[in-house]
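Engineer: Have a look at this one.
The values are calculated or read from the model by the stated rules, or taken from the named source; none is laboratory data. It should be emphasised that the depicted structure is a prediction, and the values quoted were computed from it without experimental measurement. No Cβ is skipped: glycine too gets one built from the backbone with ideal geometry, and neighbour counts run over all protein chains shown.
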Amino acid sequence: MSDALLARLSSHVASHMGLHFPLTKWPALEKAFNSAAGELGFDNPEECANWFITTPITQELVESMAGYLTIGETYFLRENRSFEIFTAEIIPEIIRKRCGDKQRLRIWSAGCATGEEPYSMAILLDKMNNALKEWNIFILATDINPKALRKATDGIYTEWSFRNTPSWLKENYFRKSADGRLQLISQIKKMVDFSYLNLVEDFYPSLPSGTNAMDVIFCRNVLMYFTPEFARKVVECFYRSLVDEGWLIVSPCEASQVLFSQFKAVSFQDAVLYRKEGNGERGKGTKAESGNRRIGERGKSRIGETVKLRNGETEQKEAVSPIPPFSDSPLQSVPLCRTLANQGKLAEALMLLEQVIAADKLNPGLHYLQAMILQEQGADSEAKAALKRVLYLDQKFVLAHVALATLALRQGIRKDFQRYLENAFSLLGGYQADEILPESEGMTAGRLMKIIGAMDVMGDRDES
Ligand SMILES: C[S@@+](CC[C@H](N)C(=O)[O-])C[C@H]1O[C@@H](n2cnc3c(N)ncnc32)[C@H](O)[C@@H]1O
């Protein structure tokens, strides 16, 4: 390709996709268009490049090209030093600090490619089984590439995914299939929730996408693709997605004083990790204070109540500090509920929300928010009941159908999964692609269509 064409391509890709291809990376850009041209039926890469530059940009186009322009290169326990620090320092500290408190752990692999990274975390946490026995663990894994996500949900790998990986991992956690490939055991597969998310385009943190109140975010070998401007935006969103004292783990080659200036850089031997400096208050409003204060009358009903968790066990609801009575309209407290939930203060958020619901029982949006928070607590059956209430009040509440489909997928109830997904598809037909969906925290109908499209494929694979 001529330099002039590469220069045009590079600026087009930067402004429309946020991907960074400076002069030194032009060979990679050319290579990407070589592969795309072959697969998309063009005679040569120039023709493909010209088509790309002159075709009106759609989300579809951006996402299909992202598959060529980014590399899904990954393997189990890649850049193992971060995983060592994760298991030797970060998780033990969280366990210590939350001992006797709400035992939840939320981790996000952002740019998970074919799943080796989030499954590595799941395996390492499984090895710490004793210390984490009673914990509600949520591992979210997202990527822009639906093909990669499909492979991730399959959980079937070749030897190439284990280059540089210690043999115990393969021996203890995989079964060899007839064709010689390695199938991840279902106990670990079940620990990871895969989902489609474009880090540059999508809105996060948000409750519906589960990208809030994270303890640890792994985003390794991803930021390097973005222009400095987009990388800054993504890092800023990560900052908001983390709880106070939460960790951002990037690749050693991505460490930068400037990009992560909001964070505290913490040096370990051979690694620098980034920490959101908190006020140390997280969780203190729960157990620590409850001994000194009277529990607010209106919140009394839930305290000490037993909820059923995702793993089938039950747990006592934590005691929470009283929420001051709202002054004017109860609905004014809804943003505070969201903020509390985003900070991981789920019990407080729920208590306040219950007061709001009591004053406005027929508002489906409130029941939906309640379902999102309950789901985050791991109380799946309570969340399901809340979602059913949403549909009773508003059969057309598209996000409730999607959430029920997600729960059904997790519980392996295929019939319900398909039914709710089909409902969501048909309801979305009534929206314009750029219309923001109610209670979605900024998600458009077009974007949700894309997300449930990826879910549909994952559901197909899950059955196999
Ligand atoms: C090199 S892989 C990294 C895999 C894994 N994190 C690791 O370090 O082994 C980069 C991944 O980032 C994903 N990616 C690139 N741009 C993205 C975006 N805008 N949103 C979400 N994922 C993106 C790619 O699809 C690819 O799967």
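Engineer: Condition test on Leu407, is it surrounded by 15 or more Cβ atoms within 10 Å (Cβ to Cβ), modelled with pLDDT of 85 or more, closer than 17 Å to Phe194 by Cα and under 17 Å from the mean Cα position of the chain (by Cα)?
Structural biologist: Criteria met by Leu407.
Engineer: Then there's this: Select from region 240-257 the residues that are more than 11 Å from Asp215 (Cα to Cα) and hydroxyl-bearing (Ser, Thr, Tyr) and list them in ascending order.
Structural biologist: Ser251, Ser256
Engineer: Could you identify the single residue in Asn172, Asn136 that is among the polar types (S, T, N, Q) and crowded, with 18+ Cβ neighbours inside 10 Å?
Structural biologist: The unique qualifying residue is Asn136.
Engineer: Take the residues of region 52-85 that are away from the ligand (no atom under 11 Å from the Cβ) and outside any helix (DSSP H, G or I): which is surrounded by the most Cβ atoms within 10 Å (Cβ to Cβ)?
Structural biologist: My answer is Ile57.
Engineer: Return the residue satisfying two criteria in turn: it lies in region 193-222 and is within 9 Å of the ligand (Cβ to nearest atom) and among the hydrophobic types (A, V, I, L, M, F, W, C), and of such residues it is modelled with the lowest pLDDT.
Structural biologist: Val200
Engineer: Any idea which residue in region 335-356 is nearest to Ser241 (Cα to Cα), counting only those that are of a type in the set (Gly, Ala, Ser) and assigned to a helix (DSSP H, G or I)?
Structural biologist: Ala341
Engineer: What residue, among those in region 86-133 that are among the charged types (D, E, K, R) and in a strand (DSSP E or B), is nearest to the ligand (Cβ to nearest atom)?
Structural biologist: Arg106
Engineer: Starting from region 51-73, take each residue that is closer than 16 Å to Ser15 by Cα and list its partners that are β-branched (Val, Ile, Thr) and near the ligand (Cβ under 10 Å from one of its atoms), counting only C-beta distances under 7 angstrom and pairs at least six apart or across chains.
Structural biologist: Note: pairs meeting the criteria are Glu63/Ile144; Ala66/Ile144.
Engineer: Separate question: Return the only residue of Tyr368, Tyr392 being over 22 Å from the mean Cα position of the chain (by Cα) and either modelled with pLDDT of 90 or more or among the aromatic types (Phe, Trp, Tyr) (or both).
Structural biologist: Tyr392
Engineer: Also, I was wondering about something else. Search region 267-278 for residues that are within 11 Å of Ile249 (Cβ to Cβ) and pair each with any residue that is modelled with pLDDT of 90 or more and basic (Lys, Arg) when their beta-carbon atoms are under 6 Å apart and the residues are at least 6 apart or on different chains.
Structural biologist: Correct list of pairs: Ala271/Arg81; Arg275/Lys264.
Engineer: Tell me whether region 244-255 contains one or more residues that are of a type in the set (A, V, I, L, M, F, W, C), within 13 Å of the ligand (Cβ to nearest atom), more than 22 Å from the chain's Cα centre (by Cα) and part of a helix (DSSP H, G or I).
Structural biologist: Checking region 244-255: at least one residue is of a type in the set (A, V, I, L, M, F, W, C), within 13 Å of the ligand (Cβ to nearest atom), more than 22 Å from the chain's Cα centre (by Cα) and part of a helix (DSSP H, G or I).
Engineer: Can you confirm whether Leu5 is assigned to a helix (DSSP H, G or I), more than 20 Å from Gly111 (Cβ to Cβ) and in contact (Cβ under 8 Å) with a residue 24 or more places away in the chain?
Structural biologist: Taking the combined requirement at face value, the residue satisfies it.
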